[in-house]
Amino acid sequence: MADRGAEAVERLIALLARLPGLGPRSARRATLAMLRKRTTLLEPLTAAMAEVAATARECDRCGNIATGALCPVCADPARATGELCVVETVADLWAMERSGAYRGRYHVLGGVLSAIDGVGPEALRIPGLSARIAEEGVGEVILALNATVDGLTTAHYIAETLEPAGVRVTSLAKGVPIGGELDYLDDGTIGAALAARRAM
């Protein structure tokens with residue numbers, strides 16, 4: 001009969017190894033660290049993961065992580081600046097927030113256009129973007145998309161889509177290298193790129 005405890009540990013290692021940035025070796029090290037610090041690490045982590053699994057959801061307005069209908073950014077009236085920053089993922093939104101350079105609201109697309117992967121506008125949150133511009137009196141849309149081929153294609157598509165609305169559409173400028181991703185940039189680079197944004 002197999003040892004159920006050993007099976008559970010192996011299952012935990014296998015699950016951790018599926019996370020971005022962790023492979024089997026890192027997953028084994030993380031598992032051993034948690035087992036060595038059961039009361040200070042493993043048990044609090046288990047409780048935190050259970051709480052997140054029970055309460056975390058997508059913000060109805062922007063697509064950020066929330067525990068209610070709206071995330072803290074959308075619920076904050078001081079963030080209604082008339083600017084809307086469009087990002088690809090929640091990780092990019094968090095990167096922008098870490099920089100402290102932007103104090104408006106966001107719109108998370110949930111990806112970028114990709115002909116190869118079969119991702120069209122209907123698979124992203126682009127239709128909701130147009131609706132938000134009208135509802136929230138947005139005067140400027142800042143396209144903070146990754147400087148990849150798909151990111152640039154998506155930015156141009158959004159700029160063309162929003163042209164009839166008469167809204168100012170800008171994009172991040174210097175500081176973001178071609179092929180660079182927001183989540184890997186330092187706070188100063190993001191701040192400089194946001195300050196030097198330009199019209200599309």
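The values are calculated or read from the model by the stated rules, or taken from the named source; none is laboratory data. Model, not experiment: these values are computed from the prediction. Note that we place each Cβ from the backbone using ideal geometry, even for glycine, and neighbour counts take in every protein chain shown. Side chains included, ligands, DNA and RNA excluded: accessible areas come from the protein's heavy atoms. Shrake-Rupley method; radii C 1.70, N 1.55, O 1.52, S 1.80 Å.
Quick notes on this one:
- Two numbers describe the Cα atoms of the stretch 1-108: Rg and Dmax, which are 18.7, 64 Å.
- Using just its DSSP H runs of length 4 or more, each adding -39500 (n - 2.57), the chain gives a mean residue ellipticity at 222 nm of -13500 deg cm²/dmol after division by all residues.
- Protection-proxy order for peptides 23-33, 60-70, each taking the mean of Cβ atoms within 10 Å per residue, highest first: 60-70, 23-33
- Computing FRET efficiency as 1/(1 + (r/R0)^6) for GLU10 and THR39, where r is the C-beta to C-beta distance and R0 is 35 Å, gives about 0.95.
- Residue among THR40, THR170, THR153 with the largest mean-square fluctuation in a Gaussian network model of the chain, springs linking Cα atoms under 10 Å: THR40
- Using only the C-alpha atoms, the convex hull of the stretch 58-164 corresponds to 102 Å³ per residue.
- The share of accessible area on the chain that comes from carbon and sulfur is 58 percent, using a 1.4 angstrom probe.
- The distance linking the stretch 1-79 with the stretch 117-148 is 29 Å (Cα centroid to Cα centroid, whole angstrom).
- For q = 0.15, 0.16, 0.18, 0.19 Å⁻¹, Debye-computed log10 I/I(0) when each Cα of the chain counts as one equal scatterer: -0.98, -1.06, -1.22, -1.30
- Mean-square fluctuations from a GNM of the chain, with a 10 angstrom spring cutoff on Cα atoms, peak among GLY118, GLY21, GLY180 at GLY21.
- To the nearest ten degrees, helix 4-17 and the longest principal axis of the Cα atoms of the chain are 20 degrees apart.
- Averaged over its residues, the stretch 155-199 has an accessible area of 57 Å² per residue, based on protein heavy atoms and a 1.4 Å probe.
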